[in-house]
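Engineer: Would you mind keeping the following structure in view while I ask a few things?
The values are calculated or read from the model by the stated rules, or taken from the named source; none is laboratory data. This one's a predicted model, so the numbers in the text were calculated from it and none came from an experiment. Neighbour counts are summed over all protein chains in view; Cβ atoms, including those assigned to glycine, are modelled from backbone coordinates with ideal geometry. Side chains included, ligands, DNA and RNA excluded: accessible areas come from the protein's heavy atoms. Shrake-Rupley method; radii C 1.70, N 1.55, O 1.52, S 1.80 Å.
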Amino acid sequence: MKILVCISKSPDTTSKVAFTDGNTKFDENGVQYIVNPYDEWYALVRALEIKEAGGGQVTIVTVGAAADEAVIRKALAIGADEAVRIDADPKDAYFTAIQIAEYAKSNGFDLILTGKETINYNGSQVGGMIAEALDLPFISLAEKLDVNGSSLTLEREIAGGVQVVEVATPAVVSCAKGMAEQRIPNMRGIMAARTKPLTVVAPVAVEDLTSYVSYTMPNAKSAVKMINPENMDELVELLHNEAKVI
Amino acid sequence: MILVYINSTNGLSKSALETVTYGKKLGADVTVVTNGGANADLLSTLGEYGASKVIVDRSVDGEDAQQLTRLIASVAQTVGATTVVFSHDLIGKAVAPRLSVRLKAGLVAGAISTPEADGTIKVNVFSGKAMGAVKVNSASRIISLLPNSIQPEKTGAECSVEETSGQGGAAAIKVISTKKPEGEIPLPEAELVVSAGRGLKGPENWGMIEDMAKLLGAATACSRPVADIGWRPHHEHVGQTGVAIRPNLYIAVGISGAIQHLAGVNGSKVIVVINTDPEAPFFKAADYGIVGDAFEVVPRLNEAIKKFKAAQH
């Protein structure tokens, strides 16, 4: 089975969030980039498990600059066979998805995996957009994925429960918690990653459907009101009369 | 023309009413498109929230995003929609991106308010640690509204309901089974959430948390370590890598408040933190704090809620 895993970089989860250039750009000063956790822990690791069980090939693809290659090597160290970098600034989800769909179109993948969302833009958009651009079924927020020949069995989250569904390949799946467990790359993987193929592909022209104009920080919270642990009637009274939430 | 998609399979949810209300705030002429089995009488009440007309396709069950996308795109074309509004829920996250590509319309995913004077729309970014203003450059736009961002408002009277069929084509996804725990409130839609973490020391101690949730009519949630060690199911995990929620009230018991946890709950309107450690970082993000032993404070709080609820009736 030929599997394509879409990888995005994201700031380390402990990064301080700040903006520069009149609040129009994310301040990258001192920020450590990692592979977006959903892409790495769930999509990539599950792809590797499927390959280990039934054979095949795992390709990772990212849209980004040469500086993102450290993040790509990390994904290769975990075990992907090869990497593709589409050489462009991932301006928005539509731009990113169309670039990946164009690459996928000419390379015949059976399965395309994404994480459920990135932890910086949280849009949950790219997977569905790739699926539409390729006219493929899309199963979002899958928590389990099994391959039986050319058919996929998936467990996915639905409002207030879970559902088991079946779909024929090729298909696009976005992966959520439960899909796989995080893998720490070993020394052999890290060494091997240095020589694995990394192809750079030129982007196609795509119109700008959206743009981020500016950023703002949320209003600072007013100081916490401490309540005597003996007096829970007071808390209930405050939640009712002051906060008006019960 | 504004087109609003809602899922009415399980009746009209609060987020569906929010979405129609949002549509009405964007323009006078709002058409609602929906699928599933809700009866016409119920659907006609969407007029009260601003719909001029409801179009329903009962042959589409909503389980296949591709089929649903074809239906909505076809209706959008028929009514000449320039804006399509979704709820940023499980279906919206699967369908809105597809529709964006199909219609070449820019998508604002997870909008938290109506457009600003300059036309930009605010969304949460960096897992709620900041907000971004998004501008749509295309002629038509798609907006998915984060649940619990605005309140449903009644502005009109019942509207007409029109049946349609066959616009979605065939479904490629086959549903094998569906499991829905009875009587539980789905987390992303809950207005009140009671959550607990490692401070509870073991899964057998969750009874008092479930009691509190029942008393308040709240959903239950948990921190990541608790889901990872299997004390609670994964779907209850709120935080950066779990579910992001924005209820009116979030009560956190025995959760220290790591930055990754805060990222999933900092959209909550009011936060109550109960923790034995006065230095727990969560107190900095809280509105009300109680330093004390959960095993004493929570039963006391449950009694206080019981008393309050009894006085209300």
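Engineer: Please enumerate the residues belonging to region B:74-97 that are within 14 Å of chain A (Cβ to nearest Cβ), more than 15 Å from B:Ala139 (Cα to Cα) and open to solvent by less than 30 Å² (accessible area, probe 1.4 Å).
Structural biologist: Of everything in region B:74-97, those that are within 14 Å of chain A (Cβ to nearest Cβ), more than 15 Å from B:Ala139 (Cα to Cα) and open to solvent by less than 30 Å² (accessible area, probe 1.4 Å) turn out to be B:Phe86, B:Ser87, B:His88, B:Gly92, B:Ala94, B:Val95, B:Ala96, B:Pro97.
Conditions (1) in contact with a Pro (Cβ under 8 Å, 6 or more places away or on another chain); (2) within 30 Å of A:Ala168 (Cα to Cα); (3) not in a strand (DSSP E or B), marked per residue:
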position	(1), (2), (3)
B:Ala28	no, no, yes
B:Val33	no, yes, no
B:Leu43	no, no, yes
B:Leu46	no, no, yes
B:Ile55	no, no, no
B:Glu63	no, yes, yes
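Engineer: When you scan region B:65-73, do you find a residue that is in contact (Cβ under 8 Å) with a residue 60 or more places away in the chain and either in contact with an Asp or Glu (Cβ under 6 Å, 6 or more places away or on another chain) or away from chain A (no Cβ under 11 Å) (or both), even just one?
Structural biologist: Yes, because at least one residue in region B:65-73 is in contact (Cβ under 8 Å) with a residue 60 or more places away in the chain and either in contact with an Asp or Glu (Cβ under 6 Å, 6 or more places away or on another chain) or away from chain A (no Cβ under 11 Å) (or both).
Engineer: Scan region A:18-55 for residues that are within 12 Å of another protein chain (Cβ to nearest Cβ) and within 19 Å of the chain's Cα centre (by Cα) and jot them down.
Structural biologist: A:Phe26, A:Val31, A:Asn36, A:Pro37, A:Tyr38, A:Asp39, A:Glu40, A:Trp41, A:Tyr42
Yes/no per residue for (1) under 28 Å from A:Gly161 (Cβ atoms); (2) buried (at least 20 other Cβ atoms within 10 Å of the Cβ):
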position: B:Gly242; (1), (2): yes, yes
position: B:Ile245; (1), (2): yes, yes
position: B:Ile259; (1), (2): no, no
position: B:Leu262; (1), (2): yes, yes
position: B:Ile271; (1), (2): yes, yes
position: B:Asp277; (1), (2): no, no
position: B:Phe283; (1), (2): no, yes
position: B:Val291; (1), (2): no, no
position: B:Phe295; (1), (2): no, no
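Engineer: If a residue has to be free of Cβ contacts under 8 Å to residues at least 40 places away in the same chain, surrounded by 22 or more Cβ atoms within 10 Å (Cβ to Cβ) and small (Gly, Ala, Ser) to count, how many in region B:134-144 make the cut?
Structural biologist: The total comes to 0.
Engineer: Looking at the structure I just gave you, is B:His235 open to solvent by 50 Å² or more (accessible area, probe 1.4 Å) and under 19 Å from the mean Cα position of the chain (by Cα)?
Structural biologist: Yes: the conditions hold for B:His235.
Engineer: So, of the residues in region A:12-33 that are open to solvent by 40 Å² or more (accessible area, probe 1.4 Å) and at pLDDT below 90, which turns out to be farthest from A:Ser214 (Cα to Cα)?
Structural biologist: A:Thr14
Engineer: Give me the residue from region A:229-246 that is in a loop (DSSP other than H, G, I, E, B) and touching a strand residue (DSSP E or B) at 6+ places or on another chain (Cβ under 8 Å) and, out of that set, farthest from the other protein chains (Cβ to nearest Cβ).
Structural biologist: Within region A:229-246, the match that is farthest from the other protein chains (Cβ to nearest Cβ) is A:Ile246.
Engineer: Sort out which residues of region B:25-45 are surrounded by 13 or more Cβ atoms within 10 Å (Cβ to Cβ), under 22 Å from B:Gln167 (Cα atoms) and either polar (S, T, N, Q) or in contact with a helix residue (DSSP H, G or I) (Cβ under 7 Å, 6 or more places away or on another chain) (or both), and write them in order of number.
Structural biologist: B:Val30, B:Thr31, B:Val32, B:Val33, B:Thr34, B:Asn35, B:Ser44 - these are the residues of region B:25-45 that are surrounded by 13 or more Cβ atoms within 10 Å (Cβ to Cβ), under 22 Å from B:Gln167 (Cα atoms) and either polar (S, T, N, Q) or in contact with a helix residue (DSSP H, G or I) (Cβ under 7 Å, 6 or more places away or on another chain) (or both).
Engineer: Further question on the same structure: Give the residue that is most open to solvent (accessible area, probe 1.4 Å), with candidates limited to residues of region B:5-24 that are more than 18 Å from B:Ser165 (Cα to Cα), in contact with a strand residue (DSSP E or B) (Cβ under 9 Å, 6 or more places away or on another chain) and not hydroxyl-bearing (Ser, Thr, Tyr).
Structural biologist: Filtering region B:5-24 for residues that are more than 18 Å from B:Ser165 (Cα to Cα), in contact with a strand residue (DSSP E or B) (Cβ under 9 Å, 6 or more places away or on another chain) and not hydroxyl-bearing (Ser, Thr, Tyr), the one most open to solvent (accessible area, probe 1.4 Å) comes out as B:Lys24.
Engineer: Exactly one condition in (1) in contact (Cβ under 8 Å) with a residue 40 or more places away in the chain; (2) open to solvent by 10 Å² or more (accessible area, probe 1.4 Å) is false for B:Ser100; which is it?
Structural biologist: Result: B:Ser100 passes all but (2).
Engineer: Looking only at region B:153-170, decide whether some residue is more than 19 Å from B:Asn10 (Cα to Cα), within 23 Å of the chain's Cα centre (by Cα) and modelled with pLDDT under 95.
Structural biologist: Among the residues of region B:153-170, at least one is more than 19 Å from B:Asn10 (Cα to Cα), within 23 Å of the chain's Cα centre (by Cα) and modelled with pLDDT under 95, which makes the answer yes.
Engineer: Condition first: surrounded by 24 or more Cβ atoms within 10 Å (Cβ to Cβ) and either free of Cβ contacts under 8 Å to residues at least 60 places away in the same chain or farther than 13 Å from A:Arg156 by Cβ (or both). Now tell me which residues in region A:173-184 satisfy that.
Structural biologist: Within region A:173-184, no residue meets the criteria.
Engineer: While we're looking at this one, here's another question. Do you know which of the residues in region B:108-125 that are of a type in the set (A, V, I, L, M, F, W, C) and open to solvent by 10 Å² or more (accessible area, probe 1.4 Å) is nearest to B:Gly168 (Cα to Cα)?
Structural biologist: Checking each candidate, the answer is B:Ala109.
Engineer: Quick one: which strands (runs of 3 or more DSSP E) sit completely within region A:1-103 and have at least 1 residues that are without any contact (Cβ under 8 Å) to a residue 60 or more places away in the chain?
Structural biologist: Counting at least 1 such residues, we get A:33-35, A:57-63.
Engineer: Across region B:261-293, what is the number of residues that are touching a residue at least 60 places away in the same chain (Cβ under 8 Å) and either at the interface with chain A (Cβ under 10 Å from one of its Cβ atoms) or of a type in the set (Ser, Thr, Tyr) (or both)?
Structural biologist: 5
Engineer: Also, I was wondering about something else. Which of the residues that make up region A:203-228 are more than 7 Å from chain B (Cβ to nearest Cβ), of a type in the set (A, V, I, L, M) and open to solvent by 80 Å² or more (accessible area, probe 1.4 Å)?
Structural biologist: Looking only at region A:203-228, we keep the residues that are more than 7 Å from chain B (Cβ to nearest Cβ), and these are A:203-207, A:219-220, A:222-223, A:228.
Among the residues that remain, those that are also of a type in the set (A, V, I, L, M) are: A:204-206, A:220, A:223.
The answer is A:Ala205, A:Ala220, A:Ala223.
Engineer: Give me the strands (runs of 3 or more DSSP E) completely within region A:117-169, filtered to those with at least 1 residues that are more than 7 Å from chain B (Cβ to nearest Cβ) and under 16 Å from the mean Cα position of the chain (by Cα), ordered by residue number.
Structural biologist: So the answer is A:138-148.
Engineer: Same structure again: Just to check your reading of the model, which residue among B:Gln151, B:Gln167 is buried (at least 19 other Cβ atoms within 10 Å of the Cβ), more than 8 Å from every other protein chain (Cβ to nearest Cβ) and in a loop (DSSP other than H, G, I, E, B)?
Structural biologist: B:Gln167
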